[in-house]
Amino acid sequence: MKEYHFISKEQYNCLENVWVTLLTTRGVDYPLMFAENWGFTLFPPEEENQIIGFRIGGGEYKVLDCLSNYIGIHTKYYETEDIEAQIALLNKELEDGHDVIVEADSYYFPWKLVGERHNFIHYGLIVGKDEITGDYQCLDPFENSDLNPLSRENLVKGKLHCMTIRKGEAKKDIIWQDIVKHAAM
């Protein structure tokens, strides 16, 4: 296994922790992946005496666009519900030497505190396959810095979706003032 530099920050969601771990491991500066995610939505208060409101939600989520535009990392999310096609894609990517971001129901990530308890979308990074057990090797920096075994059965039950990753050219002429101006519009 490659030496991964695990990054897990409380302010990052599970997918963002996967991204920053992967990018840090590859020696890529990642802060611009958040360049266009400064917007927020303020919902009205539930009660008259609340000043700010009951929730602040995220603005339009543009991390993948920013990864492509500023860092040169291109992703493709495979939306098909055909799980066998998703498994075939995962196996092919691994055979070709590519890590794969996987999305599945957190109930089927057995190392998580919520495993076999709660259902919500969770992300991990598949970096290989154990030739003896057949389990996929999954990094989950949101939870731990282990190489977690993830069975094919759990991926199928969790309704696996794959996201492939390709490195392209990073944008050379980044003007931070333009980024701030665009984000403020």
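The values are calculated or read from the model by the stated rules, or taken from the named source; none is laboratory data. Predicted, not measured: the structure shown is a model, and the values here were computed from it. Neighbour counts are summed over all protein chains in view; Cβ atoms, including those assigned to glycine, are modelled from backbone coordinates with ideal geometry.
Pick from the stretch 143-175 the residues that are of a type in the set (A, V, I, L, M, F, W, C) and at pLDDT 90 or above: which of them is nearest to Gly97 (Cα to Cα)?
Looking only at the stretch 143-175, we keep the residues that are of a type in the set (A, V, I, L, M, F, W, C), and these are 147, 150, 155-156, 160, 162-163, 165, 170, 174-175.
Adding the requirement that they be at pLDDT 90 or above leaves 147, 150, 155-156, 160, 162-163, 165.
Details: Leu147: 17, Leu150: 18, Leu155: 20, Val156: 22, Leu160: 20, Cys162: 15, Met163: 14, Ile165: 11 Å.
Only one residue tops the list, namely Ile165.
Scanning the stretch 163-183 finds no residues that are of a type in the set (A, V, I, L, M) and over 26 Å from Leu32 (Cα atoms).
Hey, does the stretch 120-135 have a residue that's part of a helix (DSSP H, G or I), in contact with a Cys (Cβ under 8 Å, 6 or more places away or on another chain) and either hydroxyl-bearing (Ser, Thr, Tyr) or buried (at least 19 other Cβ atoms within 10 Å of the Cβ) (or both)? Spell out the reasoning first.
Step one: list which residues in the stretch 120-135 are part of a helix (DSSP H, G or I), which gives none.
No, because not a single residue in the stretch 120-135 is part of a helix (DSSP H, G or I), in contact with a Cys (Cβ under 8 Å, 6 or more places away or on another chain) and either hydroxyl-bearing (Ser, Thr, Tyr) or buried (at least 19 other Cβ atoms within 10 Å of the Cβ) (or both).
The number of residues in the stretch 88-119 being farther than 24 Å from Ile73 by Cβ and assigned to a helix (DSSP H, G or I) comes to 3. Evaluated against (1) touching a residue at least 60 places away in the same chain (Cβ under 8 Å); (2) surrounded by 20 or more Cβ atoms within 10 Å (Cβ to Cβ), Lys171 falls short on exactly one condition, (2). Put simply, of Ile71, Ile83 the only residue that is surrounded by 15 or more Cβ atoms within 10 Å (Cβ to Cβ) and within 18 Å of the chain's Cα centre (by Cα) is Ile71.
When the stretch 21-36 is limited to residues that are of a type in the set (A, V, I, L, M, F, W, C) and within 15 Å of Tyr70 (Cβ to Cβ), the one that is surrounded by the most Cβ atoms within 10 Å (Cβ to Cβ) turns out to be Met33. Here is the figure for the stretch 102-131: residues that are more than 23 Å from Ala85 (Cα to Cα) and either among the small types (Gly, Ala, Ser) or at pLDDT 95 or above (or both) total 1.
When residues of the stretch 89-119 are filtered for being within 25 Å of Leu23 (Cα to Cα) and surrounded by 12 or more Cβ atoms within 10 Å (Cβ to Cβ), how many remain?
18
Of the strands (runs of 3 or more DSSP E) lying entirely inside the stretch 1-82, the ones with 3 or more residues being modelled with pLDDT under 90 are found at 40-42, 56-58.
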